[in-house]
Amino acid sequence: MSAVPRPDAFEEPAAPESAADSSFVARARAGDSAAFEHLYERYASMVHAIVLSHAPPRDADDLTQEVFARALAGIATLREDGRVGAWLASIARNVSRESLRTRRRMSELGEIDPAARGSADAIHGAREVLEAIRALSEAYRETLVMRLVEGMTGPEIAERTGMTHGSVRVHLHRGMKLLHEELERRGLTP
Amino acid sequence: MSDDYLWDRSGPPDPQIEALERRLAPLRLQRRAAPKAAPPRVRARAAWLALAAALLAAPLLLLNSQFGRTPAPAPQVAFVENRFVVELLEGSAAAAIFAPGSKQATETSLAPGASQIPEGAELVCEMGARVRVRVADLGDVTLEGPAHLRLERSSADLQKLFLERGIVRASISPDAKPRLFQVGTPVGTAVDMGCRYTMEVRDDGATELRVQLGRVHFEIEGSPLFLRSGASCFVRRVATKGGSIAAATTPVYEDAPDLVRKTLAAFDFAVTHEERASTLKSFLTHARFEEAVSVWHILVREPLAPLRSLAFDELARLSPPPEGVDRATCVDGSGPARDAQLEKWRLDLMGW
């Protein structure tokens with residue numbers, strides 16, 4: 001009789017990051033700037049979402065650049081070329097935490113240049129929803145920002161972060177439910 | 001709610017999700033160009049300019065008494081490759097410059113903007129004086145007197161200073177290649193990873209390192225401490241039966257709550273095993289997520305297995321170990337396997 005599988009055995013296998021990533025990492029490590037630009041294009045949204053989940057929104061674009069600057073400087077230390085997404089995510093979380101430590105306060109989203117981002121009302125509305133997302137636990141927060149702010153699909157989130165499709169589905173579904181509750185609690189139901 | 005639309009935008013759009021997407025759109029990443037590696041640094045072929053004409057009596061006397069060498073009657077002019085340039089001078093300071101292969105020093109006062117200082121030179125800064133030296137195109141260091149700094153090495157792959165005593169404030173570009181800029185002290189070497197920091201060396205060589213921005217490795221007798229923005233540590237030499245060793249406090253954030261800092265200091269300076277155990281428990285009770293790196297240092301450096309065990313449990317609570325990192329190896333293991341696991345955990349915690 002076969003053993004009862006564990007719940008996670010029903011999950012689809014972890015989405016493998018593109019095998020091409022390894023090649024781009026190797027080329028970037030050798031100084032190929034086009035290869036690094038490819039990695040930037042591929043992961044910038046994920047990194048931005050993670051930063052936005054933790055750090056002052058006003059700083060999110062700058063901190064995203066900082067993450068990639070550190071990645072470029074430290075790419076020689078990346079041990080598993082195929083896990084570049086997880087590595088960038090780790091840098092993004094650390095850069096965000098450092099940023100919070102430096103500022104010691106959340107900056108106001110209203111400080112974002114409206115000309116670059118839309119009207120002051122639009123920025124205010126975005127801030128309200130983002131604050132509700134940030135009230136959720138970290139696991140839901142990052143996944144929801146990737147999906148709702150950056151427009152990444154579930155499969156893209158799984159591929160970039162290395163999470164299983166099942167985990168991403170759970171985070172999105174459960175996260176949306178919790179977000180609705182949070183928005184309702186704040187009187188912000190869309 | 002449409003699961004398909006939420007998952008991959010297939011199927012009919014979900015009005016609630018669409019409304020959230022629209023509302024959050026102003027926050028979406030505005031892409032810029034990817035960062036590029038800094039161009040190879042230009043090795044400035046420094047033409048030695050004439051050093052300042054006016055020799056200040058006080059620094060010369062100080063140098064005479066300190067180095068026992070004869071002041072030169074006129075500034076030396078030479079052509080060497082070096083990249084230390086005096087940018088600012090407040091008060092009285094002087095340099096002792098050694099001719100290549102010679103123990104004879106030429107002593108000269110400094111002039112901002114004109115004085116380039118060669119490898120091997122020693123800077124002496126009097127009480128109240130301040131000298132800012134540009135280090136190649138990496139950044140600058142400011143020496144605050146009374147202080148004594150040696151410019152040990154200036155090459156394409158290493159810019160190294162040695163602070164005998166006094167205060168140095170270093171501000172190094174985040175674009176600088178990691179490990180390129182280093183400041184030694186009698187108890188260890190601060191290895192820059194792109195940052196701004198302050199080091200103070202006391203008369204007995206004890207050193208305090210405070211990181212204002214970025215990250216620093218403080219390498220002490222082969223073992224590094226890892227500090228990032230806001231963290232500090234203190235290293236002093238302590239006597240042992242066979243001589244002396246450099247003993248360091250655990251790196252901690254300077255703005256950590258008083259209780260965290262006090263309990264950690266009590267642990268760092270505890271002497272008996274019992275004191276160490278009780279103070280560690282007290283510190284771990286108050287440790288926050290921000291103290292995870294402090295707890296990691298304790299796990300790495302603690303000689304007593306039961307205390308390593310406590311540190312492991314607390315660190316695992318604050319930041320679960322990454323895959324492949326296990327309790328048995330971290331607490332009771334030794335050698336490269338343990339080192340590798342602890343390093344993996346550190347990278348997971350710190351990202352660099």
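Which of the aspartates and glutamates could a cross-linker span from B:LYS177 if the Cα-Cα distance has to be under 16 Å and same-chain partners fewer than 8 positions apart are dropped?
A:GLU66, B:ASP137, B:ASP140, B:ASP157, B:ASP192
Show the residues, 5+ positions off or on another chain, whose built amide H is closer than 5 Å to the amide H of B:ARG165.
Hits under the 5 Å cutoff: B:HIS148.
Assuming R0 = 60 Å, can you tell me the calculated FRET efficiency for the pair B:ALA305 and B:ALA19, based on Cβ-Cβ distance, to the nearest 0.05?
Step by step, r from the Cβ atoms, then E = 0.60.
Taking square-rooted eigenvalues a ≥ b ≥ c of the alpha carbon gyration tensor, is the stretch B:201-347 rounded, prolate or oblate, where a/c under 1.5 means rounded and, failing that, a/b exceeding b/c means prolate?
Note, shape of the stretch B:201-347 comes out rounded.
Test of understanding: what is the full-extension gain from B:ASP137 to B:ALA337, defined as 0.36 nm times their sequence separation minus their Cα-Cα distance?
Result: 68.1 nm gained on full extension.
Which log10 I(q)/I(0) values does the stretch A:132-190 give at q = 0.22, 0.23, 0.29, 0.30 Å⁻¹ under the Debye formula, counting every alpha carbon as one identical point scatterer?
The calculated log intensity ratios at q = 0.22, 0.23, 0.29, 0.30 Å⁻¹ are -0.79, -0.85, -1.19, -1.25.
Residue separation times 0.36 nm, minus the C-alpha to C-alpha distance between A:VAL170 and A:ASP121: what's the value?
Result: 14.4 nm gained on full extension.
Are there GluC sites (Glu not before Pro) in the stretch B:294-352 that DSSP puts in a loop and that have at most 11 other Cβ atoms within 10 Å, and which ones?
When the GluC sites (Glu not before Pro) of the stretch B:294-352 are filtered for loop state and at most 11 Cβ neighbours within 10 Å, B:GLU323 remain.
What ³J(HN,Hα) values, in whole Hz, does the Karplus curve 6.51 cos²θ - 1.76 cosθ + 1.60 give for the stretch A:166-177 when θ = phi - 60°, with x put for Gly and Pro?
Working through the residues one at a time gives x, 5, 5, 4, 4, 4, 5, 5, 5, x, 5, 4 Hz.
B:LYS262: which aspartates and glutamates have alpha carbons under 16 Å from its alpha carbon, excluding same-chain residues fewer than 8 sequence positions away?
B:GLU254, B:GLU275, B:GLU290, B:GLU291
Can you work out the PRE-style zone for B:PHE269? Point 7 Å along Cα to Cβ, and I want the residues of the stretch B:282-302 with backbone N under 13 Å.
none
Where a number appears in this text, it was derived from the coordinates with a stated rule and is not lab data. Given the structure is predicted, the values throughout are model-derived calculations rather than measurements. We place every Cβ from the backbone using ideal geometry, glycine too, and count neighbours over all the protein chains shown.
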